[in-house]
1. Using the reciprocal of the averaged 1/r over all distinct C-alpha pairs, how large is the Kirkwood radius of region 34-111 in Å?
2. How do 111-120, 54-63 rank on mean C-beta neighbours within 10 Å, highest first?
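A short reminder: the numbers here are calculations on the coordinates, not readings from a lab. Predicted, not measured: the structure shown is a model, and the values here were computed from it. Glycine gets a Cβ as well: all are built from the backbone with ideal geometry, and neighbour counts include every protein chain shown.
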Amino acid sequence: MAAQAEILDELLRLRARLPQLTGALAASVDGLVLAHDTPGVEPEGLAALTAAALGVALRTSDATGRGELRELLLRGHNGYVATYAAGPSAVLTLLAQDRVNVGRLHLEGRRSGAHIAGLVAAAEPASAANAPTRASAKNTGRLTTRPTAARTTTPTGTPAADSTLTEPTRTTEP
């Protein structure tokens, strides 16, 4: 991706603005690394785990009626892992020390996520089929669900009619 160097620059600037960060990773929602600055952490594994956690978080948010997923925050004994939307096709994952100011982490993470979203969008080749329209060019980072068909069974274990489940997708607001 042509924007890889620019995304890495943004990750490095983010770590300079927030010294309690111990790592930063930009990845596709499918779990592929776009750029990373994650000393001591294997970036491909973190990107894959981020994609899996995002999928579970989207389903949980939807199932509990909490609305659109904005971010994902995990706190462990040694610090935080925070994931932010970076447009419809990317995410930003930040690793921070336990002493980080969480409000500042969110502020900087959201800003960098929006900046990375612009870099990713500018790098994606525009074709006639997926060229952004003026209305869809404004990306809100909204996360929604789309229906998919699935086979279910009745309580007795016999096959039931097809039912609809939801699968996480990212959309932009028109």
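1. 13.3 Å
2. Working: 111-120: 20.7, 54-63: 16.0.
So the order, starting with the most tightly packed, is 111-120, 54-63.
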